[in-house]
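*Asks:* I have a structure here, written as structure tokens, and I will follow up with some questions on it.
The values are calculated or read from the model by the stated rules, or taken from the named source; none is laboratory data. The model shown is predicted, which means the values in this text are computed figures rather than measured ones. Ideal geometry is used to build each Cβ from the backbone, glycine not excepted, and the neighbour counts take in all protein chains shown. We work out accessible area using only protein heavy atoms, side chains counted, and drop any ligands, DNA or RNA first. Shrake-Rupley method; radii C 1.70, N 1.55, O 1.52, S 1.80 Å.
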Amino acid sequence: MGGRQLASKWLKTEALLTDPDVAPYIPQTRSMSRENLQQMLGMYDFVVVKPVVGGGGYGVMKISRTGSGYSITRFSQTYYFDSFSGMYSGFRKLKVRRTYLIQQGIKLAQVDGRPIDYRVKYVKVDDRWVITAMVGRVARSGLFVTNLCKGGYLLKGRVGLSRSLPQISSKAKLKEMRSLTRRCTAILERRFPGIGELGFDYGLDNSGRIWIFEVNTRPQ
């Protein structure tokens, strides 16, 4: 169990982007700079910014364009700014002391008005990879992060899918997640030999499209 730890979200994202079948599942991701943030907010209604190294929702913020300006949401608190430069200095005050990346914001399907994402745990047992968990994680009311340490709760993957996207076959989506997990693991294992445990964080938007948010080598 366990095996090689790989903390950097960048390195894992770059490895997965090398596969043309996997790349469309990955939200647009860039390193944090004033210019990159401005460009990404020109392309998307909101972005999620997070430390390149870190988990459990630590340091994660949502930055949105609002009617007349910008907003930053951290946990359940939202701060409003009239201008991009005001928002950017606000971000620099709120951020933790780590290198950040910017990820395209995906509007997640919801259960009872709360966003849900999915954790698939994949573990190497006697040289064979097995899925040990497929669960939906529902955010605590008022939060956009679903981490359990931030008060979210768990549902069986199938139940989460059928409650958040009743019009879509949950069986087909679980199958797609499983095959994506296997394909991504093969890529990561070639690039980083010695990994033995992975946690995939998937999100589905309202059209049922699957997105890969993160792959953890130290899944909780």
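*Asks:* Taking only segment 163-203 into account, find how many residues are under 12 Å from Y118 (Cβ atoms) and either in contact with a Ser or Thr (Cβ under 7 Å, 6 or more places away or on another chain) or part of a helix (DSSP H, G or I) (or both).
*Replies:* Residues in segment 163-203 being under 12 Å from Y118 (Cβ atoms) and either in contact with a Ser or Thr (Cβ under 7 Å, 6 or more places away or on another chain) or part of a helix (DSSP H, G or I) (or both): 10 in total.
*Asks:* Then there's this: Given the structure, is R34 open to solvent by 30 Å² or more (accessible area, probe 1.4 Å) and free of Cβ contacts under 8 Å to residues at least 60 places away in the same chain?
*Replies:* yes
*Asks:* Across segment 183-220, what is the total count of residues that are open to solvent by 30 Å² or more (accessible area, probe 1.4 Å) and either aliphatic (A, V, I, L, M) or without any contact (Cβ under 8 Å) to a residue 60 or more places away in the chain (or both)?
*Replies:* Residues that pass the stated criteria total 5.
*Asks:* If you go through segment 86-93 one residue at a time, do you hit one that is buried (at least 19 other Cβ atoms within 10 Å of the Cβ) and closer than 27 Å to D201 by Cα?
*Replies:* Yes.
*Asks:* Here is a further query. If you scan segment 85-104, which residues turn out to be under 20 Å from N216 (Cα atoms) and either at pLDDT 95 or above or assigned to a strand (DSSP E or B) (or both)?
*Replies:* Those that are under 20 Å from N216 (Cα atoms) and either at pLDDT 95 or above or assigned to a strand (DSSP E or B) (or both): Y100, L101, I102, Q103, Q104.
*Asks:* Can you find a residue that is open to solvent by 50 Å² or more (accessible area, probe 1.4 Å), at pLDDT below 90 and not aliphatic (A, V, I, L, M) anywhere in segment 45-61?
*Replies:* Looking through segment 45-61, at least one residue is open to solvent by 50 Å² or more (accessible area, probe 1.4 Å), at pLDDT below 90 and not aliphatic (A, V, I, L, M).
*Asks:* Collect the residues in segment 1-36 that are within 12 Å of Q103 (Cβ to Cβ) and either outside any strand (DSSP E or B) or modelled with pLDDT of 95 or more (or both), keeping them in residue-number order.
*Replies:* Here is the first cut: in segment 1-36, the ones within 12 Å of Q103 (Cβ to Cβ) are 9-10, 13, 26-32, 36.
Of everything in segment 1-36, those that are within 12 Å of Q103 (Cβ to Cβ) and either outside any strand (DSSP E or B) or modelled with pLDDT of 95 or more (or both) turn out to be K9, W10, T13, I26, P27, Q28, M32, N36.
*Asks:* If you don't mind, another one. Could you tell me which numbered condition Q39 fails, if it satisfies all but one of (1) modelled with pLDDT under 90; (2) open to solvent by 70 Å² or more (accessible area, probe 1.4 Å)?
*Replies:* Failing condition for Q39: (1).
*Asks:* If you scan segment 62-77, which residues turn out to be at pLDDT below 90 and in a loop (DSSP other than H, G, I, E, B)? Steps first, please.
*Replies:* Taking segment 62-77 first, the residues at pLDDT below 90 are 67-68, 74-77.
Hits for segment 62-77 are G67, S68, F75, S76.
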